[in-house]
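These notes are about the structure you will find just below.
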Amino acid sequence: MGDILSVLSILLPLLLLSVPLHAQFGSFGKNKVNFAQFSWQKMETPHFDVFFFEEERELASYAAHMAERQYFDLEKKFTHTVQRRIPLIVYSSHIYFEQTNIIPNLLPEGVAGFTEYLKGRVALPLSGSLPDFERVLHHELVHVFTFDRIARVLERHGIHDFRPAPLWFTEGLAEYWSSEWSTFGDMILRDALFARRLASIAQMHFIYGTFQMYKEGESICHFMADRYGEDVFEQLFQNWWRAEEFEDVFLLTTGETLAAFDEAWLYSLRKRYLPDIAQSDLPSQMASVRTGEGFNIKPTIVPGANDSLTFVYFTNSQGYTQIALQREDEAPEIIVAGERLPAFESLHPLSTTIAVASDGKMLAFSAKSRGRDRLYVWDIEEKQEHGVLSFDGIVAISSPSFSPDGQRIAFSGASHSGFVDLYIANLASGQLERLTRDVYHDRQPCWSPDGQMIAFSSDRFVGGRKGRYSLFLYVLEGDRILHLDQGDHNDQSPSFSPDGRSIVFSSDRDSTFNLYVANLEEERVGTRRLTHVLTGAFDPVWRADGNGVLFSGFEAGGFQVLELDQLPTDSTAVSWYPVVEAETEPWQLAGERQESLFALRPYRGDMKLDIAQSQISQDPQFGTSGGIQLALSDVLGNEQYTFVLSHIAGSQTGFFDGLNIALSRYHLGQQLNWSWGLFRLNDRFSSTFGRFVREKRTGGFVGVSYPFSRHDRLETRLSLRHSKIDRQFEGRRLSGWLANNFINYTHDSSLWLPTGPIEGHRFSVGLGQTVDFKGSRRFNTTFFGDYRYYMRLSQRTSWAMRYMGRYSMGDVPEYFSLGGSWTLRGYPWRSLWGSKMVLINGELRFPLVDRLVIGFPFGAIDFSSFRGALFADAGNAWNRTFDEWRGALGAGMRLALGGVFVFRLDAARRTDFKRLGNETHWDFFFGWDF
Amino acid sequence: MKERHILFALCALCWTFSGCGRGVFYAVGTESKVVPDPPLSLLWERKLDAAPMGRALNAATLVMQMSTGASLYAFDPYSGDRLGKKTFDRGICGPPAMVGDVVLLGSQGKDAALLAWDRRLEETRWKQAGTFCLPPVVRGDTLIVSSEHGLIRAVDFSTGALLWERNLEVLVRAAPVLRGNRLIVGDGKGVIRGLRLRDGEEVWRDSVDSGVRVRPLVGLEHIWLGTAAGQIAALDGKTGVLQWQVDVGGLPSGEMALTEGILAVGSVDRSVYGIEAATGSVRWKYATEGVVRGSPAAVKGVFYIGSSDGYLYALDASGGDLLWKFRLEGAVTEGVSWVGETLVVMTEKKILYAFGRR
């Protein structure tokens, strides 16, 4: 039986995709919405197929040349030629990238690109900076080469089980080989060291998948190269076949144990970073912390009538990113609640800032809504929208800045081509003025108090080709661009002082991001340093009275808003630079003019295999069982086929009787997703009637899903099938042609921990009907409703409620079950059945142990979340009359193993709501919390 | 033609034939000095059980090829008849070497050892415990074996008895070579040592900028080697003093070849370099379409070398001109060998090719 289940566990997901009967109501989950429609093309280079749409042709050509150049670089580093063409899919904006169907996952804004291993595809967006795009492309190609190199080495030695590298190593190597060691790397490691959060190689599971893991991995690769020579990686891959464990391959290659190397690496970090404390301080030691729980960044001063400090900032103290208002000596107040509604799908806290008008009444921010960014003007006092602007040619908007009169807003905008320029929007007329028009990444504009200039950060200088940023002034009269300073460093986030004579900004010119002030004179600028932080200081803004600076400080792995109220005096060393006209074209896109070298072809959407697998099992009761499943899709993942063929041959059935075939087709390239399928199924695991029955089903279906936004969708499906059930039901043997249709609306804005939702709400309501098509007899009509609400009580504690009801009526109603860990606890799994059902759950979810690592007997196994629950359940299922409420009270534990594998242990006592039963019912199961 | 048939006639003891389990690993004959000029003809091709482990061995009258499946094959160089196959029951970790009748094989794992396997008797003569995956070298009765972790042992070739041992305590990526009574060892840090053959004592040392990755090649006056940083260097053969270094665009192939005063070496920059052995100036550079990892073979002013682009090339030593090329199935990552009049190369698709004159 176990083998039968293992076959089914593989095949069932695809079967369910094809079968509308039991899964007729949509499940929860957020949506990937294809708001934009593109005409895709293919550019063929010697090693790549670059997929792009017309608006981003220039970017695609650049990507193609960069990819070829990087291919040769990696070919040398890996001493390996990848013997296949590499699909490279380019998106001109992260907003478009998030709509990709190449992988089913929703892509967070922090994902800069990915490599998918089924078809070896690389997908990445342009974030505005071409050098950064180049770095991400290089990073992903390291993954391509790593995977291919390991696979070929193993194949060469007849080893068919892939032996993956540890994630810290693959990501670390990708970072190491795609870019120079950065100031951010120093910041992360220095902070981790001083906050005692540095993970050794042996402890890497504690920071699995985090940015810190990437940077630690990169640092380890640097250290490996220093210790053993740059060719150690090539040797490591060459020896990959020689041992199963990475530790053993490492030992064979380097002659040193990984543990000894780990010690040496940690020692080197201490030696490198600990002396820094003599010269600098943690942000909290040299400035006053003005915010509390969670990540709090990008402060902007709200000017007011009095001198008290008031500012707005981004916060995620409750999980979602929101805009908070902080008044002096008061608790913070949320004035814009983001990431819950279609209007504010994302507030882009990492890439944008908040603007406040000089009268302190309005703020402006950009937010993603229905497939593009919009510019919102928000009334601070009323906490409501004052106006919203969107622009035809602009996909992404960041860093708005009010003009002194509050009538205009300067911002940084990305067009369909992906290139980011400066714009000014007139709030009254909605008219747009474009200030720059080139390939340079012009960002973080800040309007001067006199309205004459806009300071901004850009890579429009020679150093920009290497990804460096410098400060510029856009002089509105005459449309001149002046360059304030240039060097091999990053100057960013300029902010004018109230008198307009100085600009405070963040720079890593002394190897750590610190705050600096630039005093503007007629033809020169004098720069002096304000801070000496150990980690990083960002996003500075002047207090309204000019007597202090607010900034985001990085410490203990997070950001807080801090106030620097004691500015250094002018005796601090000042460096003077001439103010010069910015170069018109300091660097160009490499390869732009060589586009004709590459063949261009229209996108054909050829189907290629994603998965092909099979399994055969033997069972004494059910006989031989087996099946295959195939999935095919095009390169973009917009068109997909799934095919399942399985056979469950019993001793009492013929060959054809046990055959299950299902074919489904999905069209996901547009906002309206639709699917169709054909099936012939004879499954014995159906239990609609509260027992195992055998239903032969032959038919087809057509389904449509229309997502309105990331959170809301409407779904409907129509199926026509011939159904034959092998047992009598209420004296009748059921057989006939059935037409089934349903429609439902689903909303999901929940926020999750590894064990289940912790905040937000979700609901699904629907209506379905099944009709005997031939006899024109209505089998059943079913109503369905499910509402779940999660109220966060603290960072990791929440109160969850679920209200669910189902009601089916007709000659042959549908039957629903209750009981077990997922529904009514204290009652056995699916022990209560009826055509009507009601269920209410209340559950307190709280942390028990943040991380559980078991070292015996297989080596370290890490469980990421170990949580507890106290619950009260009430409900029942019935057919004709509701007799009584059944309930249970209890407690449980949850242990997240990854994905859907969350172990659940519940202990419950039943109650009739008058008294509590004496017997404790234990339930051990798996699955997420409701 | 008749001469070749006689040349490769098998001895009367060769009672086995292709595919019968036990194999013939010994044949008598005289090695031909007459190698054909390009273009060559494909004589035969054979599919083996796995990818190549090192280049084919020149067993005078046999082509012997080790596979990553731990199988040692023997073929008639002219007809391609398989004359034997021996599968070892342990993981072979490096390319084999052959000295007379003895095939030397490094193995890894629990019972790691260097095996001295007698191909005539088809039995192991002796074992030297330890992981010695770099190809050994022999002078008279002294066999030098070395590990990647810097352990060097001199053993009696006849008995396997230990003569001396020296641990350099540094990684060694390229097999040592002998020059007179000096053992030349380049290590992973770029230090090159001249060790006395009789006791392993260091006689001289010099260094290059990065780790030695190409097995040194010994000439009358020079010792040439390649480094991880993509340099080919020449040392004075007697004193070990660095004479010149030249860049070859990336990690060089595992070994070099020399003919008519020109050194040839492949590079990961997809090229084959022709370097004047005396001065270090790059005489020519020939670009292929893939990484060149396999070592070249040189004969009569022609370099033969395979590339991971799947081609076997014949290049004129003096000017690097392409004389001939042949499309193979699969990338070439191991070296090319001459066995008598037959040129042998094996690809990653497990196919062993033999070329010559029909």
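The values are calculated or read from the model by the stated rules, or taken from the named source; none is laboratory data. Please read all numbers here as calculations on a predicted model, not as lab measurements. Neighbour counts run over all protein chains shown; Cβ positions are idealised from the backbone, glycine included.
So if I check each of B:VAL203, B:VAL191, B:VAL145, which one is within 20 Å of the chain's Cα centre (by Cα) and of a type outside the set (Asp, Glu)?
The unique qualifying residue is B:VAL145.
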Task: Which numbered condition A:ALA199 misses (of (1) in contact with a Phe, Trp or Tyr (Cβ under 7 Å, 6 or more places away or on another chain); (2) outside any helix (DSSP H, G or I); (3) over 30 Å from A:SER506 (Cβ atoms); (4) more than 14 Å from chain B (Cβ to nearest Cβ)) - done: (3)
Task: Output for the stretch A:303-324, where each listed residue is surrounded by fewer than 20 Cβ atoms within 10 Å (Cβ to Cβ), small (Gly, Ala, Ser) and not in a loop (DSSP other than H, G, I, E, B) - done: A:SER317
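Looking at the structure I just gave you, is B:VAL203 part of a strand (DSSP E or B), among the β-branched types (Val, Ile, Thr), over 18 Å from B:THR279 (Cα atoms) and without any contact (Cβ under 8 Å) to a residue 40 or more places away in the chain?
The answer is yes for B:VAL203.
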Task: Qualifying strands (runs of 3 or more DSSP E) (wholly inside the stretch A:851-909; at least 1 residues being at pLDDT 80 or above, out of contact with any His (no Cβ under 6 Å at 6 or more places or on another chain) and more than 30 Å from A:MET809 (Cβ to Cβ)) - done: A:865-878, A:886-896
- [ ] Within the stretch A:439-474, count every residue that is closer than 25 Å to A:GLN588 by Cβ, surrounded by fewer than 18 Cβ atoms within 10 Å (Cβ to Cβ) and either at pLDDT 95 or above or under 30 Å from the mean Cα position of the chain (by Cα) (or both).
- [x] 2
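Do the conditions hold for B:ARG193, that is, is it closer than 20 Å to B:LEU217 by Cα and either part of a loop (DSSP other than H, G, I, E, B) or in contact with a His (Cβ under 6 Å, 6 or more places away or on another chain) (or both)?
Against the criterion (closer than 20 Å to B:LEU217 by Cα and either part of a loop (DSSP other than H, G, I, E, B) or in contact with a His (Cβ under 6 Å, 6 or more places away or on another chain) (or both)), B:ARG193 does not qualify.
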Task: In the stretch A:36-79, residue farthest from the other protein chains (Cβ to nearest Cβ) [restricted to those that are aliphatic (A, V, I, L, M) and assigned to a helix (DSSP H, G or I)] - done: A:LEU59
Open item on the list: Against the definition (away from every other protein chain (no Cβ under 14 Å), over 27 Å from A:GLY158 (Cβ atoms), among the charged types (D, E, K, R) and under 19 Å from the mean Cα position of the chain (by Cα)), how does B:GLU276 come out, yes or no?
Closed with: no
Open item on the list: Could you list, ordered by first residue, the pairs with Cβ atoms under 6 Å in which the first is in the stretch B:166-178 and away from chain A (no Cβ under 11 Å) and the second is part of a loop (DSSP other than H, G, I, E, B) and among the aliphatic types (A, V, I, L, M), at least 6 apart or interchain?
Closed with: B:ALA175/B:LEU134
TODO: Report those strands (runs of 3 or more DSSP E) wholly inside the stretch B:81-185 carrying at least 1 residues which are basic (Lys, Arg), modelled with pLDDT of 90 or more and within 30 Å of A:TYR228 (Cβ to Cβ).
DONE: B:123-129, B:151-156, B:162-167, B:177-179
TODO: Return yes or no: is B:ASP209 acidic (Asp, Glu), within 14 Å of chain A (Cβ to nearest Cβ) and part of a loop (DSSP other than H, G, I, E, B)?
DONE: yes
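Filtering the stretch B:294-319 down to residues that are within 14 Å of chain A (Cβ to nearest Cβ) and crowded, with 24+ Cβ neighbours inside 10 Å, which residue is nearest to the chain's Cα centre (by Cα)?
Selected residue: B:SER295.
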Task: Pick from the stretch A:84-120, criterion touching a Leu at 6+ places or on another chain (Cβ under 9 Å) and assigned to a helix (DSSP H, G or I), ranking: farthest from A:PRO46 (Cα to Cα) - done: A:HIS94
Open item on the list: Condition first: more than 26 Å from B:SER210 (Cα to Cα), touching a residue at least 12 places away in the same chain (Cβ under 8 Å) and either within 12 Å of another protein chain (Cβ to nearest Cβ) or in contact with a His (Cβ under 8 Å, 6 or more places away or on another chain) (or both). Now tell me which residues in the stretch A:242-280 satisfy that.
Closed with: A:GLU244, A:GLN279, A:SER280
Task: Hits in the stretch B:44-76 - residues which are outside any strand (DSSP E or B), within 14 Å of chain A (Cβ to nearest Cβ) and among the hydrophobic types (A, V, I, L, M, F, W, C) - done: B:LEU48, B:ALA50, B:ALA51, B:MET53, B:ALA70
TODO: Would you mind stating whether A:THR300 is part of a helix (DSSP H, G or I) and crowded, with 18+ Cβ neighbours inside 10 Å?
DONE: no
Task: Candidate set: the stretch A:220-232, residues that are in contact with a Ser or Thr (Cβ under 9 Å, 6 or more places away or on another chain) and of a type outside the set (D, E, K, R); chosen: the one nearest to the other protein chains (Cβ to nearest Cβ) - done: A:GLY229
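Mind listing whichever residues of the stretch B:279-293 are within 14 Å of chain A (Cβ to nearest Cβ) and either crowded, with 17+ Cβ neighbours inside 10 Å or β-branched (Val, Ile, Thr) (or both)?
Taking the stretch B:279-293 and keeping what is within 14 Å of chain A (Cβ to nearest Cβ), we get B:287-293.
Within the stretch B:279-293, B:THR288, B:GLY290, B:VAL291, B:VAL292, B:ARG293 qualify.
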Task: Condition met for B:VAL292 (farther than 19 Å from B:MET66 by Cβ, touching a Phe, Trp or Tyr at 6+ places or on another chain (Cβ under 7 Å) and touching a residue at least 12 places away in the same chain (Cβ under 8 Å)) - done: no
